[in-house]
Amino acid sequence: MHTGVFCRILSRSVAAALILCLLLPLCIFSAGAESALPQTEPYTWKQGDLRWANVVIGVDPWTDASGVRHKEETVAHAGCLITSVAILCKANGIALASGKEITPGSLAEALYDRGSCKYLTDKGGIKDRATSFSAVLPGVSYVRDLAVTSSAAETVAPYLSDPDHTYFLIAKVKGGGHYVAVYDVSDKDVLICDPGFDRTLLSEYNSVSFYVYEIDFSQALKDPGPEGEQWIVQADVLNVRAEPSLKSERVGSIARDSVITVYETTEAEGYLWGRISVGWCALARTDGSETLCVRLAVSYHLREGGESPLTQTKYEGVPLTISDLIPVSEGRYFLGWSEDPEATAASYSPGSVFEENRALDLYDVWMDESLIYAFGIDVSSHQGKVDWEKVAASGIGFVILRAGTTSGGKDTRFEENYAGAVSAGLHVGSYFYCSSTTETGIKKDVQTFLESLKGKTFDFPVYFDFETDSQAKLGASAMTALASYYFSLMKESGFYAGVYASESWFRDLIDGETIGGKDRIWAARWPGGNRLVSYLGDRYAIHQYSETGRIDGITTTVDLDVCYVDYPTLIEQSHSSDPPVDPPVDPPVDPPVDPPVDPEDSKPKENSGLSIEDGFLLGGKTGLTVREWCALFDGDITVLNGDTILGDGETVITGYALLTGSECLLIATRGDVNADGTIDAFDYMMLKSVVLGTLELDGALFRSGCLLSDSIDAFDYMLLKAYVLGTSDTL
């Protein structure tokens, strides 16, 4: 996997070495020199790759982490050793005994066909590692187990630099529960191709030992690999001729949509001709007037100038990795590629996989960098110890820290992460993973959340994370109500609150407008490829675009986010615009003295046919007589206590009905259910209880709760709640 490999090959067979040098995209290193792992196949192969993930390697059942029972072992679950061997064999240009190109899938199939695989009782899935691989890989033989001596790098270096033998090594890590391919020695560390994760250094694992294999190139079969270019027939019938000439003998024909492999091309008689296995075909007119076949390729059209990726040949049935070259344009962010020249969102990100058997013309898609406030991450205890200075130096501008969960309480690394992120100069927000499905549970979660946030300042929002199946089953109305309830509880906390959920939840389960609009929304949408490929700033303030990102300073994968809102400024403005709180006013020492009451005035008057249904209930002002109310509004006001009309000298209290005169609207308040003079959270809680049937309101209180009709219903509750939350200006 460095210079020593090629020296050993040359010492055995100069011809074989020259062939391998042409075939392999290996970066050549010297042992102990600074080096890096190539980000190309086969070094990037993963056991979970859909090309071979479902290949069976065993028949015993097993249960995955989510409790799903599987009848068979597959490469995805237990194929790390198989994948590691395939990586190193492919890198050395070795084919299977059948002559087939080697992949983790073809190697697994060959092993399984001869009965070499079994269930992971021996932590590897291979019955006999000394003979199983050599049986399907001529020239590959197991040598020995190798324990680490002074260091892993010093232990493996002699094998990688041996001039007389060709070895490759598989590292057993995590106590033998996982296997990785050894690539090279870099300084005092060992570079690895990890088939399960994105790790590249062996030092990230413990309990390391090795399997050592030797390659005899005199016996090994050369990996054929894909050869030639593939084209798709576009003509109804494509004639095949013995020579590249229309006058040449026709030796056959090929139907439309067939895929042909072209080994060489030439021009003759105004056509571009392609040689296939049985003859020559006219592919297209050289003047572009007629196309008979289309090359099965991915072509890139970079309209901004600069370096453009080279055209890639797509082989039938073989997935192709989109070029990882990222163009640069000042002031703009590269989103990716699209088949539509007018697209504003990319369909293919650098490094993504294209599997269809067709030609693909891709055009560059960009976004104005000024739309992006900052890139960020969200972190919990799952990320382990974080080097926050490295995170900040990597270009990350903000972090949203998990404060806790419903089931687990406070996150064990929240305090440590908060201190580190603040010290590194990052903008900081927080989130709480909520699995509650009732308002009682939400209230308890908020209390736990606020306890963690106490004494801390945040210039990004604090979020409730909704994403459980039990919550989704509640439906849109209930989930929106739960989210709104969270906001109502956080309203007086001094923190700027928001909600996190997947994009589908904001489409189907949580009404974004009800909870305050896009500035309150952090949405997850993962297109793959660990890159931002679309602008969603018109819908969401923060877009979580990957769950498998890699950031310097964090050893695990991490969620990647982009923010389109200047939250520090927005939050500062929201705090400064909060209405001032009036100081409490002491009640007067002496109660007001009512004027003398005429006995005649205090007598109940005959009900003149007016009823409580025609008026408005008094909320707020109390203690005045009917006469004083009439004097205030220069008119005749009738006051009802139930069905009884009050006399002019009788005192009016909250809950009485004031009738007649349009000015009565100014002193009557509907929605003040508990009749305390204000419309607040207690009123809509009482109203909700009426709707749910857990509380009954009679008489004046019942009438006060009716906003638009003579009966209280769910619509009244939602109107009142919106008014209390500030999302509606009027009732």
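Some points to look at:
- Check on ARG144, in a loop (DSSP other than H, G, I, E, B) and of a type in the set (Lys, Arg): no
- Wholly within segment 217-258, strands (runs of 3 or more DSSP E) carrying at least 2 residues that are without any contact (Cβ under 8 Å) to a residue 24 or more places away in the chain: 250-255
This table checks each residue for (1) at pLDDT 90 or above; (2) within 18 Å of ILE192 (Cα to Cα).
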{"position": "LEU50", "(1), (2)": "no, no"}
{"position": "TRP62", "(1), (2)": "no, no"}
{"position": "LYS71", "(1), (2)": "no, no"}
{"position": "THR74", "(1), (2)": "no, no"}
{"position": "HIS77", "(1), (2)": "no, no"}
{"position": "CYS80", "(1), (2)": "yes, yes"}
{"position": "VAL85", "(1), (2)": "yes, yes"}
{"position": "GLY93", "(1), (2)": "yes, no"}
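- Checking each residue in segment 687-731 for being at pLDDT 70 or above and acidic (Asp, Glu) picks out GLU696, ASP713, ASP716.
- Boolean, ILE326 is touching a Pro at 6+ places or on another chain (Cβ under 6 Å) and among the β-branched types (Val, Ile, Thr): yes
- Of residues in segment 257-312 being among the acidic types (Asp, Glu) and touching a strand residue (DSSP E or B) at 6+ places or on another chain (Cβ under 8 Å), the one modelled with the lowest pLDDT: GLU304
- When segment 200-216 is limited to residues that are surrounded by 20 or more Cβ atoms within 10 Å (Cβ to Cβ) and of a type outside the set (Phe, Trp, Tyr), the one that is farthest from the chain's Cα centre (by Cα) turns out to be ILE215.
- Helices (runs of 4 or more DSSP H) within segment 405-524 that include 1 or more residues among the acidic types (Asp, Glu), over 23 Å from ILE554 (Cα atoms) and over 24 Å from the mean Cα position of the chain (by Cα): 439-453
- Condition check for TYR363: of a type in the set (Ser, Thr, Tyr) and touching a residue at least 60 places away in the same chain (Cβ under 8 Å): yes
- Among residues of segment 100-129 that are at positive phi, those with a Cβ under 7 angstrom from a residue that is assigned to a loop (DSSP other than H, G, I, E, B) and modelled with pLDDT under 70, sequence gap 6+ or separate chain, pair up as GLY125/LYS118.
- Inclusion of VAL386 among residues that are touching a strand residue (DSSP E or B) at 6+ places or on another chain (Cβ under 9 Å), surrounded by 13 or more Cβ atoms within 10 Å (Cβ to Cβ), in the same structural domain as TYR433 (by TED's automatic domain parsing) and assigned to a loop (DSSP other than H, G, I, E, B) is warranted.
- Spans of strands (runs of 3 or more DSSP E) in segment 271-328 with at least 2 residues crowded, with 16+ Cβ neighbours inside 10 Å, touching a residue at least 12 places away in the same chain (Cβ under 8 Å) and in contact with a Phe, Trp or Tyr (Cβ under 6 Å, 6 or more places away or on another chain): 271-276, 279-285, 293-295
- Where a residue in segment 685-698 is without any contact (Cβ under 8 Å) to a residue 12 or more places away in the chain and its partner, wherever it lies, is polar (S, T, N, Q), with Cβ under 6 Å and at least six apart: LEU695/SER689
The values are calculated or read from the model by the stated rules, or taken from the named source; none is laboratory data. This one's a predicted model, so the numbers in the text were calculated from it and none came from an experiment. Glycine gets a Cβ as well: all are built from the backbone with ideal geometry, and neighbour counts include every protein chain shown.
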